[in-house]
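Quick notes on the structure that follows.
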Amino acid sequence: MAGGWARDGAVNEQIDASIEDELKRLQSRPKPVGESLTHCAECDEPIPEARRRAIPGVKLCIDCQNAHDHRPKPRGGINRRASKDALLK
């Protein structure tokens, strides 16, 4: 059930489109390439052999990689959440 002027299923279509956009963004992220480092590029701690085998081209230890992954990154994109006033114009 859709509300207002939207047709039935429009909200679900917007949710699906948002999820697809986010998946495409995640899949397009650059992946490590080349030779793995034996020590972390940021803290100089040793990188375990199992991690170097699992992720070719790894440059960071697990702790530094977690910190890097959780830094806020600006993202552009389409704002699918328009205000009611904007929709009525």
Report task. Starting from residues that are at pLDDT 85 or above and of a type in the set (Gly, Ala, Ser), keep the ones in the range 50-89 and report whichever is most open to solvent (accessible area, probe 1.4 Å). Result -> 54
**Report entry** Among (1) in a loop (DSSP other than H, G, I, E, B); (2) surrounded by 12 or more Cβ atoms within 10 Å (Cβ to Cβ); (3) modelled with pLDDT under 90, the one test that residue 11 misses
**Finding:** (1)
Report summary line: Here the residues within the range 24-49 that are loosely packed, with under 15 Cβ neighbours inside 10 Å, among the aliphatic types (A, V, I, L, M) and not in a helix (DSSP H, G or I) are 33, 41
Report summary line: Residues of the range 41-76 being farther than 17 Å from residue 31 by Cα and β-branched (Val, Ile, Thr), in sequence order, are 47
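Okay, residues lined up against (1) in contact (Cβ under 8 Å) with a residue 24 or more places away in the chain; (2) among the acidic types (Asp, Glu):
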{"position": "13", "(1), (2)": "no, yes"}
{"position": "17", "(1), (2)": "yes, no"}
{"position": "24", "(1), (2)": "no, no"}
{"position": "47", "(1), (2)": "no, no"}
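The values are calculated or read from the model by the stated rules, or taken from the named source; none is laboratory data. Computed from a predicted model, the values in this text were never measured in an experiment. Cβ sites come from the backbone with ideal geometry, for glycine too, and all protein chains shown count toward neighbours. Accessible surface is based on the protein model in full, side chains and every heavy atom, while ligands, DNA and RNA are left aside. Shrake-Rupley method; radii C 1.70, N 1.55, O 1.52, S 1.80 Å.
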